[in-house]
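S.K.: Take this structure first; my questions come after.
No lab work stands behind these numbers, since they all come straight from the coordinates. Everything numeric in this text was worked out from a predicted model, so none of it was measured. Every residue, glycine among them, receives a Cβ derived from its backbone with ideal geometry; neighbour counts consider all protein chains shown.
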There are 2 protein chains.
Amino acid sequence: MKKKLSIVDIANSLNISKTTVSFILNGRAQEKRISDELVKRVLQYVKEVGYKPNSLAKSLRTGKSNIIGLLVQDISNHFFATIARRIEDLAYQSGYKIIYSSTDNDTQKTQELIAMFRDRHVDGYIITPPDNIEEDISDLIKDGFPVVLFDRYLPKVATDYVVVDNLFSTFNATQYLIDKGHKNIAFITYSSIQTQMIERLEGYEKAIRQSKLKPHIIEVDFHATDQEILKLILDFFESHKDVDAILFANNHLGKCGLKATRKAGKNVPGDIALIAFDDYELFELYTPAVTAIAQPIDEIADNVIKLLMERLNATTPEEKNQHITLATELIERDSSR
Amino acid sequence: MKKKLSIVDIANSLNISKTTVSFILNGRAQEKRISDELVKRVLQYVKEVGYKPNSLAKSLRTGKSNIIGLLVQDISNHFFATIARRIEDLAYQSGYKIIYSSTDNDTQKTQELIAMFRDRHVDGYIITPPDNIEEDISDLIKDGFPVVLFDRYLPKVATDYVVVDNLFSTFNATQYLIDKGHKNIAFITYSSIQTQMIERLEGYEKAIRQSKLKPHIIEVDFHATDQEILKLILDFFESHKDVDAILFANNHLGKCGLKATRKAGKNVPGDIALIAFDDYELFELYTPAVTAIAQPIDEIADNVIKLLMERLNATTPEEKNQHITLATELIERDSSR
DNA sequence: ATTATCTACTAAACCTGTTTAGCATTACCA
DNA sequence: TGGTAATGCTAAACAGGTTTAGTAGATAAT
């Protein structure tokens with residue numbers, strides 16, 4: 001095991017001060033009037049022996065880490081995993097590393113994770129905020145950390161965010177079902193105060209209201225197991241035999257919905273039409289293929305990173321916040337034809 | 001913004017030395033003969049003002065970080081995402097945080113990531129190794145870092161690992177198809193020198209050989225796109241009309257296989273029976289439901305963490321390595337009936 | 001000749017903890 | 001009473017970088 005070299009070793013080997021080495025390695029040679037000849041000699045030697053500065057020491061002194069903290073609701077969920085993956089790649093290209101973790105929508109866990117990230121001197125934050133986290137996020141911002149939210153935002157917190165046009169998406173999907181002649185359209189969602197969920201509900205309600213139809217809303221507890229969700233939906237089928245279409249507020253509910261319709265022996269779309277929010281391969285390959293509201297995953301990731309990089313590279317803290325709302329796409333498939 | 005407290009602030013406020021504070025906070029009060037009265041006073045005050053030691057400074061001095069580096073092939077793949085999620089939870093319970101990243105099976109990227117992890121003073125490593133990474137992993141081990149591999153292992157590197165019984169799994173699945181009367185069973189895999197892939201191929205070949213059947217093996221390049229894989233399979237269907245069963249070497253190939261059989265208009269399992277390695281919800285919900293070799297995801301994660309924790313807590317470096325091989329389960333569904 | 005300016009560096013402080021070595025007191029013992 | 005041991009705590013070194021403040025010597029300006 002070759003012992004790791006330190007900047008002092010480099011300085012000693014070249015008989016110069018570690019200050020000089022530090023200046024050169026940080027590109028401040030010109031500014032500090034280090035001769036070109038010495039710069040070349042140091043760079044050459046450093047390359048030769050493969051010296052890499054200890055980033056802990058660096059972070060300790062500078063307060064910067066070149067690390068971005070990414071907090072998603074659940075990394076094992078396809079939507080978040082894919083976005084996380086792309087964010088990771090993009091950040092990497094800009095010289096940043098990512099630390100990520102799942103919040104589980106658990107406020108306390110999120111608080112602990114934020115504390116850990118702060119402690120680790122993370123440079124910026126990308127977060128899908130759980131409930132009641134406003135204060136912690138505000139503190140981050142107050143303390144000058146760049147924060148970008150996505151998927152949802154916090155109305156009471158002024159910060160950058162990237163979301164999709166949830167209200168229009170469900171309005172449009174519901175209208176689509178109405179246009180197909182469906183009269184009893186149900187909406188299955190989580191009971192949540194998060195913006196994306198509220199907006200999706202509003203979009204549904206707006207379309208239903210406009211057409212003077214009767215709303216059917218099932219709210220599922222966020223911590224309900226798949227079994228419980230399944231049972232809830234099956235019970236709903238029992239008590240609402242007239243429902244002829246369902247809109248699911250996210251991919252997980254959609255998946256449970258598929259299980260439920262199958263178990264109930266419903267013919268899709270003959271007996272009942274289905275539309276899910278957030279497309280993924282299951283909906284594409286399922287028989288019959290499921291109509292879905294596809295979120296622009298790559299675009300979301302691209303914009304999140306773009307906003308964060310702008311803030312990280314800004315010399316003065318930008319005062320006004322940027323809010324990006326992206327369009328979704330209704331992908332029509334067999335389940336709603 | 002309240003400025004972050006340092007151990008010096010604590011010491012000054014209490015008019016004692018920061019050494020004393022450090023000893024107390026690290027539970028070395030008894031050993032260092034600090035009076036119980038003072039211990040109580042310090043602990044009380046620290047709690048009161050909410051002081052948390054700066055972990056960067058701590059890591060810099062001690063060389064320990066309470067962070068585990070997790071390198072999986074692709075975090076957006078369901079199998080890895082789920083394992084990563086569970087590993088994260090388990091590590092968290094033991095007081096460790098996880099930094100994870102995707103290797104993409106790219107050797108150079110993996111080397112860079114390992115360098116970054118080392119640099120960040122990560123305490124231990126969990127890795128699904130790509131090709132040609134033997135030397136880097138050996139270096140880690142030589143330098144005393146706990147390393148646990150999973151999903152595959154490196155025959156030339158002596159370390160702990162957790163894998164499944166790949167050979168038996170595919171042997172068993174192939175035999176299952178043979179018992180059903182299939183005569184022309186194909187195996188679709190990646191051209192890979194990784195142990196898990198080699199073993200899966202061997203299991204298939206062994207069963208085919210025992211029954212004196214003719215092997216049909218398609219090897220797909222790891223970097224092939226879904227489109228290319230699809231085309232390859234469709235071409236294979238064209239040129240091998242007699243094939244009546246396919247075993248896929250992993251979930252992604254299985255997914256492409258579903259698309260292919262659908263596109264080719266094949267009746268499953270009438271025309272052709274399918275079995276996929278590595279179960280997930282798509283296979284469960286697809287019509288017809290796909291028979292799959294289910295890996296014990298939770299058990300894999302549990303054992304990986306168990307092995308790593310044993311090494312992390314060991315006072316002396318354990319000489320002999322532990323190799324854990326877990327059983328898979330063949331989940332019979334419609335696609336092979 | 002003296003002062004100012006510039007060049008090319010560097011010593012020492014700093015970031016925030018941990019760890020080593022050691023220093024007063026008091027207690028104990030012969 | 002003098003020597004040893006135990007008690008209770010601390011100063012300073014250390015981890016490995018960055019940054020501030022400054023220095024020695026050469027050149028230019030007054």
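S.K.: About its Cα centre, how strong a charge dipole does region B:7-53 have in debye, to the nearest 20, once Lys and Arg get +1 and Asp and Glu get -1 at the Cβ?
M.R.: Approximately 100 debye in magnitude.
S.K.: Enumerate the amide H contacts of A:Tyr100 below 5 Å, restricted to partners 5 or more residues apart or on another chain; note that Pro and chain-start residues carry no placed amide H.
M.R.: A:Leu70, B:Tyr100
S.K.: When you have a sec, figure out the Kirkwood radius of region A:1-142 from all distinct Cα pair distances and drop it here in Å to one decimal?
M.R.: On the way: mean 1/r = 0.0562 Å⁻¹.
For region A:1-142, inverting the mean 1/r across all distinct Cα pairs yields 17.8 Å.
S.K.: Give the nm distances, rounded to one decimal, from B:Arg262 to the matching residue in every other copy, measuring between label points 7 Å along Cα toward the beta carbon; shortest first.
M.R.: Here B:Arg262 shows inter-copy label distances of 1.3 nm.
S.K.: Still on this structure, I have one more. Between copies, how far does the label point of A:Asn12 sit from its twins, in nm, shortest first, when each point is 7 Å from Cα along Cα→Cβ?
M.R.: For A:Asn12, the inter-copy label distances come out at 3.4 nm.
S.K.: Another question, if that's okay. Among A:Leu56, A:Ala224, B:Pro296, whose Cα sits farthest toward the positive end of the charge dipole of the protein assembly as shown (+1 at Cβ of Lys/Arg, -1 at Cβ of Asp/Glu, about the Cα centre)?
M.R.: My answer, from the dipole projection, is A:Leu56.
S.K.: To continue, here is another question. Relative contact order (percent) for chain A, with alpha-carbon contacts under 8 angstrom and 6 or more residues of separation?
M.R.: Working: 547 pairs, mean separation 52.1, N = 337.
It rounds to 15 percent for chain A.
S.K.: Is there a quick way to get the dipole size of region A:166-295? I mean about its Cα centre, with the Cβ of Lys and Arg at +1 and of Asp and Glu at -1; what is the value in debye to the nearest 20?
M.R.: On the way: 14 positive and 17 negative charges, 81 e Å.
Result for region A:166-295 is approximately 400 debye, rounded to the nearest 20.
S.K.: Something else: Counting other Cβ atoms within 10 Å of each Cβ, which trypsin sites (Lys or Arg not before Pro) in region B:147-182 have at most 15 and sit in a DSSP loop?
M.R.: Working: sites: B:Arg152, B:Lys156, B:Lys180; in loops: B:Arg152, B:Lys156, B:Lys180.
Sites meeting the loop and neighbour criteria: B:Lys156, B:Lys180.
S.K.: How would B:Val164, A:Val268 line up from fewest to most surrounding beta-carbon atoms within 10 angstrom?
M.R.: Values: B:Val164 26, A:Val268 21.
Arranged by neighbour count, lowest to highest, B:Val164, A:Val268 become A:Val268, B:Val164.
S.K.: Quick one: angle between helix B:195-210 and the longest Cα principal axis of chain B, in degrees between 0 and 90, rounded to 10, please.
M.R.: With both axes taken from Cα atoms, the answer is about 30 degrees.
S.K.: Using +1 on the beta carbon of Lys and Arg, -1 on that of Asp and Glu, and nothing else charged, what's the dipole of the protein assembly as shown about the Cα centre, debye to 20?
M.R.: 2020 debye
S.K.: Report the convex hull volume per residue for the protein assembly as shown, counting only C-alpha atoms, in Å³. Walk me through the intermediate numbers first.
M.R.: Working: hull volume 128.4 nm³, N = 674.
So the per-residue Cα hull volume is 190 Å³.
S.K.: Measuring from a point 7 Å out along Cα→Cβ, what nm distances, shortest first, does B:Thr325 have to its partners in the other copies?
M.R.: Between copies, matching label points for B:Thr325 lie 5.9 nm apart.
S.K.: Restricting attention to region B:1-100, which trypsin sites (Lys or Arg not before Pro) occupy a DSSP loop and are surrounded by at most 14 other Cβ atoms within 10 Å?
M.R.: B:Lys2, B:Lys3, B:Lys4, B:Arg28, B:Lys32, B:Arg33, B:Lys64
S.K.: Between rounded, prolate and oblate, where does region B:166-295 land on the alpha carbon gyration tensor, with a ≥ b ≥ c its root eigenvalues, rounded for a/c under 1.5, else prolate if a/b exceeds b/c?
M.R.: On the way: a/c = 1.23, a/b = 1.11, b/c = 1.11.
Rounded, because the longest to shortest axis ratio a/c is under 1.5.
S.K.: Output the direction-averaged projected area (hull surface divided by four) of the convex hull of the alpha-carbon atoms of region B:7-53, in nm². If you can, show how the numbers build up before the last one.
M.R.: On the way: hull surface 11.1 nm².
The Cα convex hull of region B:7-53, projected and averaged over all directions, gives 2.8 nm².
S.K.: What is the diffusion coefficient of region A:203-245 in µm²/s, taking the Kirkwood radius over Cα pairs and the Stokes-Einstein relation at 37 °C with a viscosity of 0.692 mPa s?
M.R.: Translational D for this selection: 276 µm²/s.
S.K.: Is chain A best put as rounded, prolate or oblate by its Cα gyration tensor, with a ≥ b ≥ c the root eigenvalues, rounded for a/c under 1.5, and otherwise prolate when a/b is larger than b/c, oblate when not?
M.R.: Note, shape of chain A comes out prolate.
S.K.: To the nearest 0.05, how large is the calculated FRET efficiency for A:Lys180 and A:Glu284 if R₀ is 25 Å and r is the Cβ-Cβ distance?
M.R.: So the FRET efficiency works out to roughly 0.75.
S.K.: Additional query: Counting only other chains, and only Cβ atoms inside 10 Å, what mean value do you get across the residues of B:52-61?
M.R.: Partner-chain Cβ atoms within 10 Å, mean over residues of B:52-61: 5.
S.K.: A further question follows. Within 10 Å of each residue's Cβ, count the other Cβ atoms and sort A:Leu282, B:Leu330 from fewest upward.
M.R.: On the way: A:Leu282 24, B:Leu330 17.
The order, fewest Cβ neighbours first, is B:Leu330, A:Leu282.
S.K.: First check a/c for region B:54-127, with a ≥ b ≥ c the square roots of the eigenvalues of its C-alpha gyration tensor; if it is under 1.5, answer rounded, and if not, answer prolate when a/b is larger than b/c or oblate otherwise.
M.R.: The shape class here is oblate.
S.K.: How long, wide and thick is region B:104-190, going by the Cα atoms along their three principal axes, in whole angstroms, largest first?
M.R.: Principal axes ranked by extent give 56, 22, 19 Å for the Cα atoms.
S.K.: For the cross-link pairs B:Lys64/B:Lys97; B:Lys3/B:Lys40; A:Lys109/A:Lys142; B:Lys4/B:Lys58; B:Lys64/B:Lys306; A:Lys156/A:Lys255, which exceed 23 Å when the distance is taken from alpha carbon to alpha carbon?
M.R.: Distance filter (> 23 Å) returns B:Lys3/B:Lys40; A:Lys156/A:Lys255.
S.K.: Under a point spin-label approximation (7 Å from Cα along Cα-to-Cβ), what is the A:Val8-B:Arg337 distance to one decimal in nm?
M.R.: Result for the modelled spin labels: 7.3 nm.
S.K.: How about region B:222-325: which GluC sites (Glu not before Pro) there are in a DSSP loop, with at most 13 other Cβ atoms within 10 Å of their Cβ? Please list the in-between numbers first.
M.R.: Working: sites: B:Glu228, B:Glu238, B:Glu281, B:Glu284, B:Glu299, B:Glu310, B:Glu318, B:Glu319; in loops: B:Glu318, B:Glu319.
Of the GluC sites (Glu not before Pro), the ones in loops of region B:222-325 whose Cβ has at most 13 other Cβ atoms within 10 Å are B:Glu318, B:Glu319.
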